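These notes are about the structure you will find just below.
The values are calculated or read from the model by the stated rules, or taken from the named source; none is laboratory data. Fair warning: this is a prediction, and the values are worked out from it, not measured in the lab. Here Cβ is always computed from backbone atoms with ideal geometry, including for glycine, and neighbour counts include all displayed protein chains. Remember, those area values only see protein heavy atoms, side chains included, never the ligands or the DNA or RNA. Shrake-Rupley method; radii C 1.70, N 1.55, O 1.52, S 1.80 Å.
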Amino acid sequence: MMKRSCWALGLMPLYMAVVGLLPLAVQAQTSSSETAMQNRAVQQEANTSSDSSEWDEVFDDEWDVATDTTSALTISGFLEATQGYRWQSDDAVSTRQTLSDVRARINLDYLLSTSALSFKSDLWFDGVQDKWQAQIRELAWQGNLSGLGEWGNAFDVKIGQQVLTWGTGDYVFLNDLFPKDYPSFFAGRSDEYLKAPSASIKLSGYFSALNIDVVVTPEFEPDIAINGDVFSFFSAQAGQNIAPGFSVSKEHTPNSPELAVRLHRNFNSTQWALYGYRGYYKQPLSTTEQGELLYSRLNVVGASVVMPLYKGIFNAEYAYYHSVDDSRGRNPRIPNSQQRFLLGYNQELAPNLNGGAQWYSEVTQRYSQLMDVAYYPEHEQAQVRHWLTARLTWLALRQTLTINGFLFYSPTDNDGYVKAELRYTPTDNWQFRVGINGFRGRDDDTFWGQFENGSNGYMALRYFY
């Protein structure tokens, strides 16, 4: 611990020097941006008030000078310190800490004539795992394809590292098969870290009949799964929670591409969407005959609808998970196919108070075949598993204070998870968060019950620059 602290303190002067310079850069950039906005406003006013060629000529000269001094680069980001501790000891994990980050984020955006470049990256010291870590959350080019001809006007493309999402669920994902970071979610990092980045190509087409999104990820991107580094999990083979800190070998991690497609359209105020996915289970739920973890193949088709209902918004979503490597459900080492259903509703309950509820269900296909061959049938989930969720969000103090509570409860597993957070943003530069992640279950082998010893509280202080 002492060695780690000295290392961190040794880098701190350099870190603070960089941080000290960034606001100056931002201030300079902001001044340039304001100048550009003022110039654009003046130009619009001139265009509408006079068609004098003489005036236009003089103005254009001035405008060109002003534009030459304007940078298209914007810089922003934040610094954040977080701490989190589990409520009780976990015999499988050596520390009670669940979160101990000192993090710096930098965002760079550069506007080109008809497109944009973006960069978002985090560097942080993870005090729980005692190591520096870095993540590029975005490094991408985004623009329209009009340069390829008139037909290209209907298409936008984004290429590079990016965070992707779609679907209608609130913390529940059916057709969103893009990678997630569940350790960050359970530890209390900001919600944005639930979505992990991937190196992908997203092509969006807009037509009168419907719109289409196609996402190609050239090399499979798995979830960042619970592997025992911070939170233990139940092992049917061991009959108890373990924390091996595993990683899937390169041999059993696919390097083939993933393909995700969404067709969507609005009919009046109702949005319909169809989904397709061809790839792999995002978590290593399968094993080899030797017990080594691997990602088996998965195809998904689904649909969703979002529409106004009464005083709120109703959403419904369906997905069929086809387990390609075990279509007949007779291989106990590979998950069976499933049907997944979601119904949701949310509305404003009172001024500054919003509420939402969801019902989610998983139906395992060919369940009798699974139970016939299962190694540990007593630990298999029920053929039909239900979740109920509820969210309440209250805004106060001119919306500088947000109190949010989210509850998962499974009547079939008799377990649950509550995630609650208070977030206070007194100024544009500062934000304070405090929250809890509480897990509870009657049995240790259920989805939420296995994390009961990982229940934790956390706090975070963030400075935006």
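Things to note:
- Of all residues in segment 93-120, those that are of a type in the set (A, V, I, L, M, F, W, C) and open to solvent by less than 40 Å² (accessible area, probe 1.4 Å) total 4.
- In segment 319-343, residue modelled with the highest pLDDT [restricted to those that are open to solvent by 40 Å² or more (accessible area, probe 1.4 Å) and among the polar types (S, T, N, Q)]: Gln339
- Sole residue being in contact (Cβ under 8 Å) with a residue 40 or more places away in the chain, open to solvent by 40 Å² or more (accessible area, probe 1.4 Å), in contact with an Asp or Glu (Cβ under 9 Å, 6 or more places away or on another chain) and part of a strand (DSSP E or B), chosen from Asn346, Asn315: Asn346
- Within segment 78-92, the residues that satisfy the criterion of being crowded, with 20+ Cβ neighbours inside 10 Å and not polar (S, T, N, Q) are Glu80, Gly84, Arg86, Asp90.
- Considering residues of segment 121-135 that are open to solvent by 20 Å² or more (accessible area, probe 1.4 Å) and touching a Ser or Thr at 6+ places or on another chain (Cβ under 8 Å) only, the residue farthest from Val157 (Cα to Cα): Val128
- Just so you know, in segment 351-370 the residues that are open to solvent by 40 Å² or more (accessible area, probe 1.4 Å) and aliphatic (A, V, I, L, M) include one that is farthest from the chain's Cα centre (by Cα), and it is Leu353.
- Residues within segment 387-427 that are touching a residue at least 24 places away in the same chain (Cβ under 8 Å), open to solvent by 40 Å² or more (accessible area, probe 1.4 Å) and under 18 Å from Ser361 (Cβ atoms), tallied: 5
- Contacts under 7 angstrom Cβ, first residue in segment 88-116 being free of Cβ contacts under 8 Å to residues at least 24 places away in the same chain and among the basic types (Lys, Arg), partner open to solvent by less than 20 Å² (accessible area, probe 1.4 Å) and in a strand (DSSP E or B), 6 or more apart: Arg96/Arg86
- When residues of segment 428-465 are limited to those that are of a type in the set (Asp, Glu) and either touching a His at 6+ places or on another chain (Cβ under 7 Å) or closer than 29 Å to Leu388 by Cβ (or both), the one surrounded by the most Cβ atoms within 10 Å (Cβ to Cβ): Glu452
- Segment 136-169, residues that are part of a loop (DSSP other than H, G, I, E, B), open to solvent by 50 Å² or more (accessible area, probe 1.4 Å) and under 22 Å from Phe207 (Cα atoms): Thr165
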